[in-house]
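One structure is given here, and the rest of the page talks about it.
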Amino acid sequence: MSAVPPTRFRQETRVAWRTIDGESVLIDPTSGTVFVLNRVGSQVWALLEEPRTVEELAASVGRTHDRAPASVADDVETFLTDLADRSLIEETT
């Protein structure tokens, strides 16, 4: 029996973005909607240039903010859900 690989997420390639003073501005060209991310959201967004798991993202955020990965994993997952609901990220394997 083979193990199921963990779900990975990455940025949708159509989304244009730029980080200014630690905050990221995302533009969905399909809808014309603009999103502004705070520093933590910007950190996660930048990491999503490459496919990442929730665990990998939580570990990075935890290290940066001196918190245990488990203490930020729910927030990271909620953020990813929000990004996915807005079609700004995609799931990969």
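Just checking, does segment 43-60 include any residue being among the basic types (K, R) and over 10 Å from the mean Cα position of the chain (by Cα)? No, there is no match, as no residue in segment 43-60 is among the basic types (K, R) and over 10 Å from the mean Cα position of the chain (by Cα).
Just to be sure before I move on: is E90 touching a residue at least 24 places away in the same chain (Cβ under 8 Å), among the acidic types (D, E) and touching an Asp or Glu at 6+ places or on another chain (Cβ under 9 Å) in the structure I sent? Criteria met by E90. Within segment 12-27, residues that are over 18 Å from S87 (Cα atoms) have Cβ atoms under 9 Å from residues that are part of a strand (DSSP E or B) and open to solvent by 80 Å² or more (accessible area, probe 1.4 Å) in these pairs: E23/V36, counting only partners at least 6 apart in sequence or on another chain. For segment 1-40, the candidate set comprises residues that are among the small types (G, A, S) and under 24 Å from T93 (Cβ atoms); within that set, the residue that is nearest to the chain's Cα centre (by Cα) is A3.
The values are calculated or read from the model by the stated rules, or taken from the named source; none is laboratory data. As the structure is a prediction and not an experimental result, all values here were calculated from the model. Please note: Cβ atoms are built from the backbone with ideal geometry, for glycine as well, and neighbour counts cover all protein chains shown. Ligands, DNA and RNA are excluded from the accessible area calculation, which covers all protein heavy atoms including side chains. Shrake-Rupley method; radii C 1.70, N 1.55, O 1.52, S 1.80 Å.
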